[in-house]
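One structure is given here, and the rest of the page talks about it.
The values are calculated or read from the model by the stated rules, or taken from the named source; none is laboratory data. Quick caveat: nothing in here was measured; it's all calculated off a predicted structure. Counting neighbours? That spans all protein chains shown, and the Cβs are built from the backbone with ideal geometry, glycine included. Heads up: the accessible areas ignore ligands, DNA and RNA and are worked out on the full protein's heavy atoms, side chains in. Shrake-Rupley method; radii C 1.70, N 1.55, O 1.52, S 1.80 Å.
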Amino acid sequence: MPDARPDNRHDALLAWLFVLVWGSGYLASKVGMQYAPPFTFLSLRYIFGVLCLVPWLLIARPPWPASGREFFHICVAGLLMHALTLGGSHYAQYLGMSAGITALLLATQPLLTAVFAHHMTGERLMSSQWAGVVLGLAGVALVVWHKVDVKAVTAASLAAAAISLAAMTTGTLYQRAFCRTADLRSSSFIQFVLSLCVLAPAAWAVEGFSVRWSWQMAAAIVFLVIFASILAVNALHLLMRRGHAAKVTSLMFLTPVVAVFLEWVMFAVVPTGLSIAGIVVTCLGVALVSRR
């Protein structure tokens, strides 16, 4: 019987790549939006993403969608995972919602994914895994509690965060259900172009496409495109194809933990005792959900 451990190690590397990059993305986005408003910043991000993918596609020559139906599913998943998810979360912060509340709301996504996967795709979770989902959410709440500013929440920012949460949850399950065999390279290109076509007009109409050019913004875009939009998202989709939806998305509980740690290293923002307790609870929750 072949040894499955190399595949397990490969999946573990993909999981940690996703967690580390996605957690770092909070800080990179925060830096970038100091120089361009959210829709403009995202438009620049997808312009650079398209430019990065063109030479890769010319060299690798991956398969393109085999039918109009497959192309349609790829487009829907792209709108959900890229344009709506990122557009909603970025705009919520732009409207004044604190990073703590935004992270806390988006951290409920694994719980929603577990519920929908249980009812719609027949995935069954043990009681200990359900407990892990709840523990993970509680841990994230403790991690970001010191950053939460309830006074900054408005109806508009709450609606933007809710759109982002719903799009992320739906897009994750939609991609898994209808894009199982789609090539991730050509799919990424299609989704980047479509997201740019949606966000660029919004950036022009709402924000006037105003940009203050700087190397900090350029570095943030390069990091977010290459590591987040290409490597981390493709790692997430590969993991989704190999495992349960709830197990994979439970990794998102760790991203605020990474963000807190990087803030400590980069900006000397020392985590509170409550945050440290939240890290422990979060890791315990992820371990329970990820059990075989």
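Which percent of the accessible heavy-atom area of the range 160-212 goes to carbon and sulfur, probe 1.4 angstrom?
Numbers: 1570 of 2260 Å².
Of all accessible area on the range 160-212, carbon and sulfur atoms account for 69 percent.
Suppose every K and R has +1 on its Cβ and every D and E has -1 on its Cβ; what is the size of the dipole of the range 130-230 about the Cα centre, in Debye to the nearest 20?
120 debye
State the percentage of accessible surface on the range 1-98 attributable to carbon and sulfur atoms; use a 1.4 Å probe and exclude ligands, DNA and RNA.
69 percent
Per residue, what accessible area does the range 49-107 have, given a 1.4 Å probe and all protein chains present, in Å²?
Solvent-accessible surface per residue comes out at 46 Å².
How about the range 168-224: which trypsin sites (Lys or Arg not before Pro) there lie in a loop by DSSP and see at most 16 other Cβ atoms within 10 Å? Walk me through the numbers on the way to the answer.
Working: sites: Arg176, Arg180, Arg185, Arg212; in loops: Arg180, Arg212.
When the trypsin sites (Lys or Arg not before Pro) of the range 168-224 are filtered for loop state and at most 16 Cβ neighbours within 10 Å, Arg180, Arg212 remain.
Using label points projected 7 Å from each Cα along Cα→Cβ, tell me how many nm separate Phe71 and Ser128, to one decimal.
Roughly 4.9 nm, to one decimal.
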